[in-house]
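Each remark here refers to the structure printed beneath this line.
The values are calculated or read from the model by the stated rules, or taken from the named source; none is laboratory data. Remember, it's a predicted structure, so these values are computed and weren't measured experimentally. Virtual Cβ from ideal backbone geometry, glycine too; neighbours counted across all protein chains shown.
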Amino acid sequence: MKAMTCRQLGGACDQVFHAETFDEMAELSKQHGMEMFKKQDQDHLDAMQKMQELMKSPDAMQSWF
């Protein structure tokens with residue numbers, strides 16, 4: 001079992017996600033992000049915007065990984 005925080009995954013808080021695979025971890029992070037989006041949590045909205053910008057550049061995304 002692996003553990004990562006929202007912040008380690010590019011998010012804005014220290015909530016810990018536990019999963020066996022990266023795909024499972026990504027799904028937990030996605031669910032958390034959707035919850036924070038619904039709450040309009042500004043820190044998470046800012047982090048989502050930053051990740052969207054990062055995803056536009058394959059080199060930047062690879063560096064992040």
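Structure data summary
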quantity	calculated
Any hit, region 25-36, residues being exposed (fewer than 15 other Cβ atoms within 10 Å of the Cβ) and either touching a helix residue (DSSP H, G or I) at 6+ places or on another chain (Cβ under 7 Å) or among the β-branched types (Val, Ile, Thr) (or both)	no
Boolean, Asp41 is surrounded by 12 or more Cβ atoms within 10 Å (Cβ to Cβ) and modelled with pLDDT of 95 or more	yes
Residue list for region 7-19, filter: touching a strand residue (DSSP E or B) at 6+ places or on another chain (Cβ under 7 Å) and either more than 20 Å from Lys50 (Cβ to Cβ) or in contact (Cβ under 8 Å) with a residue 12 or more places away in the chain (or both)	Gln15, Val16, Phe17, His18, Ala19
Hey, Thr5 under 11 Å from the mean Cα position of the chain (by Cα) and β-branched (Val, Ile, Thr) or not	yes
Residue tally, condition among the charged types (D, E, K, R) and outside any helix (DSSP H, G or I), over region 32-49	2
Test result for Gly11, surrounded by 14 or more Cβ atoms within 10 Å (Cβ to Cβ) and part of a helix (DSSP H, G or I)	no
